[in-house]
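Trainee: Provided herewith is a single structure, encoded as structure tokens, for subsequent inquiry.
Quick note: the coordinates plus some simple rules give every number you see, no bench work behind them. Quantities reported herein were computed from a predicted structural model and do not represent experimental measurements. Note: ideal-geometry Cβ built from the backbone for every residue, glycine included; neighbour counts use all protein chains shown.
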Amino acid sequence: MTVWVVDDDRSFRYVMRKMLERTGLVDTIVECTDGTDFLHQFSETDAPSAPSIIMLDLMMPRMDGWEVLEALSDWYRTGRAQPSVFVISSSIDRRDAERARTFPFVVRFTEKPVSVDKLADLLRAVPTPYI
């Protein structure tokens, strides 16, 4: 499976990469520094290298996670590939979790920090067509 980590925090991306590698469930990891970087890379990606899962932070500069989710909604309406999205955020506001779940492709909303075991459980919970 291919996982894209979209987060402006370099330390978080590094830790997430190491944890994803430790799960043994991920073949490829792509890092994006914010929503703008993600959308640029995503629009340039062909089907074989498209993400199975997108791990998305909400609070980022330039383009935040909410804007990414809106852009993905538009993208998915065109019939293109639909990777599952895990929102991984430091937000503890219940309304953020509720809002994220209004997007049908958001599989989970998880608060930071995330343990390796929880991450492995999240990855295993991805619907079969995406793995």
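Trainee: What base-10 log of the normalised intensity I(q)/I(0) is obtained for the chain from the Debye formula, alpha carbons as equal point scatterers, at q = 0.14, 0.15, 0.16, 0.22 Å⁻¹?
Mentor: -0.55, -0.64, -0.74, -1.58
Trainee: Based on Cβ point charges of +1 for Lys and Arg and -1 for Asp and Glu, what charge dipole magnitude is obtained for the chain about its Cα centre, in debye rounded to the nearest 20?
Mentor: So the dipole magnitude of the chain works out to roughly 400 debye.
Trainee: Still on this structure: Where does the chain land at 222 nm, in deg cm²/dmol rounded to the nearest 500, when only DSSP H runs of n ≥ 4 count, each adding -39500 (n - 2.57), divided by all residues?
Mentor: Per the formula, -12000 deg cm²/dmol.
Trainee: With only alpha-carbon atoms counted, please give the Rg and Dmax of region 56-129, in Å.
Mentor: 12.6, 35
Trainee: Just for the Cα atoms in region 8-49, what are the lengths along the principal axes, largest first, rounded to whole Å?
Mentor: Here the spans come out as 29, 26, 7 Å, largest first.
Trainee: Right, another one. Using packing as a proxy for protection, rank 1-12, 107-118 so that the peptide with the highest average count of other Cβ atoms within 10 Å comes first. Mind showing how you got there, number by number?
Mentor: Values: 1-12: 19.1, 107-118: 15.0.
Taking the mean over residues of other Cβ atoms within 10 Å, the ranking is 1-12, 107-118.
Trainee: Now for a separate question. Placing +1 at every Lys and Arg Cβ and -1 at every Asp and Glu Cβ, with all other atoms neutral, what dipole size does region 70-131 have around its Cα centre, in debye to the nearest 20?
Mentor: Working: 10 positive and 8 negative charges, 22 e Å.
Computed about the Cα centre, the dipole is about 100 debye.
Trainee: A follow-up question, please. List every DSSP H helix in the chain whose Cα atoms extend 15 Å or more along the helix's own long axis and whose mean Kyte-Doolittle hydropathy is at least -1.0.
Mentor: Qualifying helices, which must be both long enough and hydrophobic enough, are 10-23, 65-77.
Trainee: Rank-order 81-88, 93-100 by packing density, defined as the average count of other C-beta atoms within 10 Å over each peptide's residues, highest first.
Mentor: 81-88, 93-100
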